[in-house]
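Student: Take a look at the following structure, please.
Each reported figure results from applying straightforward, stated rules to the coordinates on display, with no laboratory input. Given the structure is predicted, the values throughout are model-derived calculations rather than measurements. Note that we place each Cβ from the backbone using ideal geometry, even for glycine, and neighbour counts take in every protein chain shown.
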Amino acid sequence: MRFSPAGDPGTPDARSATRYLVWLAGRHPVIFGAGLTLGVIWMLAQALVPAVLGRAVEAGLAQRDQDALVRWSLALLGLGLVQAVAGILRHRCAVHNWLGAAYRTVQVTVDATNRLGAALPRRVAAGEVVSIGTADIEHIGGAIDITARGAGSVVGIVTVAVILLNASQPLGLVVVLGVPLLMALVALLIRPLHQQQAAYRDSTGRLTARAADIVSGLRVLRGVGGEPVLSERYRQRSQALRADGLRVARVESLLQAAQILLPGVFVVLVTWLGARFALRGEISAGELVSFYGYTAFLVSPLRNLTEAADKLTRGHVAARRVVRLLRLAPEFTDPVTPVPVPAGPGELTDARSGLVLRPGRLTALATATPQDAAEIADRLGRYADGDVTLHGVPLRDVALATVRERILVADNDAQLFSGVLRTELDPHDRAEPGAVEAALAAASATDIVEALPGGLDGEVAERGREFSGGQRQRLRLARALVADPETLILVEPTSAVDTHTEARIAERLGPARHGRTTLVCTTSPLVLGHADHVVFVEDGKVVAEGRHEELLAAEPRYAATVSREEDR
């Protein structure tokens, strides 16, 4: 499933929350339509019960006609069976629609996050995405679920109004005029509820993001003594969220009270009027029984309608969050007419810096400032715009899927995910036999696997939190080597490991990438000494190239940069 802002029938329309909800309902038209139909049948069967009961009393009991009593009793039994069967099937359809809407939202959210790619952390807070997958899907599913009962309730109320108008115009007018009045009173609560829920949802997303940031940086916070400060700030925001929640609860409590009070008042009014008409002889005893049955029946559809107003409001608020995410456009999109790139290794060049990566070589990039290396890596991997060419073809003219397949940028922001370690290292299960073990050896990470219960089949916790920073870095390097891309760009792959481990990685990296194009952004003398070619960049421009030993002797700025690394 792909997102299209133009509103393609096969994709979600991101122009409004209402259209998004309609799109969700249309994803399973048969089940959704069946739910509506069964909801109407289910409610109609309940609406006709008072009429049949009144005829049974009038014809069977009042006139002592046993045959009529049997006929109307059988009709009552038939309505009960229809109601039971339709109710069961309606509920099954409603559950299907709830699950379909909720988890379809998860799918389009994941698709949107994948589409945004590296731009996601800069465009959306982590708490916002988490809240969509935890709270918003429940409200969106509830909005789709309530449609069957809501539609049935509307038809049931209209049916009862028609029956009452035919039997007694005053009672019918009470229903016809009273129901819109009740819904208008409920609508007075919907707008403030909508606003309060939107504010509460925003506060929840911000607090979730703050909690995630605190947990991920807890070790650092404890190290610098910043835990009390962050705890106090979190406590303040938590209290602000509590206040928002209380405001939402205040309006919701009024709405819940209205769901009971208003239909109850309506039932009392209709019953009182019916009793007065019966005492004056304007209606018969059987009609009085029917009218009481109608008033008792109306409690259910009226409560369904107020519940529908509540759930549709919640669903609309949640859908607005999803639409906000879907509206975000990625920083880079495929060109209108992608240009093919010749097969096989080719020169990868960055015109802005003057860097040229020759195929099949291990090139090291040393920069006076780490920011220069990160910017060059982003341009080479098409994560930032730049005049970069592969085989002489500008990367901006190449399909992004092709760029991602042929050029892999591996930096220290990459995460380890929970699951089996073997799957973590080879998520596509495409590695040759022994490739995972060879990559682990090249990354000097075999000791990590040996210490993990289950080895390669052992479970990795979320973000690999059971590993140290250096262990996570080595596993990330092994994962990049297993992918075996045509061009691999490594950004500071040994910054968190000790000197002995770094020496082993520097020695093994070249043979592991033999025949492939590799760029290592580093100022480590151990890695630079094993590179086929070293490029030195200052102020974003290439100022010197050669072997490590040659640059040390001929380029003082390079020697100063590398010596700072040695002195650390």
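Student: Mean 1/r over all different Cα pairs, inverted: what Kirkwood radius does the chain give, in Å?
Tutor: Its Kirkwood hydrodynamic radius stands at 29.2 Å.
Student: Let me check I have the definition right: for region 480-539, take the eigenvalues of the Cα gyration tensor, multiply each by 5, take square roots. What are those semi-axes in whole Å, largest first?
Tutor: So the equivalent ellipsoid measures 17, 15, 11 Å along its semi-axes.
Student: Over all directions, average the projected area of the Cα convex hull of region 49-173 and note it in nm².
Tutor: 11.2
Student: Okay, moving on. Once the piece of chain linking residue 243 and residue 82 is laid out straight, how much longer is it, given 0.36 nm per residue of separation minus the C-alpha distance between them?
Tutor: Gain in length upon complete extension: 53.2 nm.
Student: Just grab the label-to-label distance for residue 162 and residue 387, each label 7 Å out from Cα along the Cβ direction, in nm (one decimal).
Tutor: Going by the 7 Å Cα→Cβ label model, 7.5 nm.
Student: Quickly work out the residue 18-to-residue 99 label distance, labels modelled 7 Å from Cα along the C-beta direction, and quote it in nm with one decimal.
Tutor: 3.1
Student: Between 0 and 90 degrees, rounded to the nearest ten: what's the tilt of helix 227-279 against the longest Cα principal axis of the chain?
Tutor: 20
Student: Divide by every residue of the chain the summed helix terms, -39500 (n - 2.57) for each DSSP H run of at least 4, and state the resulting mean residue ellipticity at 222 nm, rounded to the nearest 500 deg cm²/dmol.
Tutor: -22000 deg cm²/dmol
Student: Using the Karplus curve 6.51 cos²θ - 1.76 cosθ + 1.60 with θ = phi - 60°, what ³J(HN,Hα) values do you get for each residue of region 305-318, in whole Hz, with x for Gly and Pro?
Tutor: Those phi angles translate into 5, 5, 5, 4, 4, 5, 5, 5, 5, 4, x, 5, 4, 5 Hz.
Student: At q = 0.14 Å⁻¹, what log₁₀ I(q)/I(0) does a Debye calculation on the Cα points of region 414-481 give, no solvent, two decimals?
Tutor: -0.33
Student: Shifting gears a bit: Pulled fully out, how much extra length does the chain show between residue 563 and residue 461, if you take 0.36 nm times their separation in residues and subtract their Cα-Cα distance?
Tutor: 32.9 nm
Student: Now a separate question. Give, in whole angstrom and from largest to smallest, the semi-axes √(5λ) of the equivalent ellipsoid of region 282-431, with λ running over the eigenvalues of the Cα gyration tensor.
Tutor: Semi-axis lengths for region 282-431 are 64, 19, 16 Å.
Student: Limiting things to C-alpha atoms, what are the Rg and the maximum Cα-Cα separation (Dmax) for region 452-568, in angstroms?
Tutor: That works out to 16.0, 51 Å for Rg and Dmax.
Student: Taking R0 as 30 Å, what's the FRET efficiency between residue 65 and residue 260 from their Cβ-Cβ distance, rounded to 0.05?
Tutor: Efficiency for this residue pair is about 0.15.
Student: Further, regarding this structure: Report for the chain the percent antiparallel among DSSP-assigned beta bridges with both residues inside it, nearest 5.
Tutor: Roughly 45 percent of the beta bridges in the chain run antiparallel, per DSSP.
Student: Sticking with this one: Between residue 333 and residue 134, what's the calculated FRET efficiency when r is the beta-carbon distance and R0 is 35 Å? Round to 0.05.
Tutor: 0.70
Student: Need one number for region 400-521: average projected area of the convex hull over its C-alpha atoms, nm².
Tutor: One quarter of the hull surface, i.e. the mean projection, equals 7.2 nm².
Student: Right, here's the next one. In terms of modelled amide H atoms, which long-range or inter-chain residues lie less than 5 Å from the amide H of residue 466?
Tutor: Under 5 Å from the amide H of residue 466: 461.
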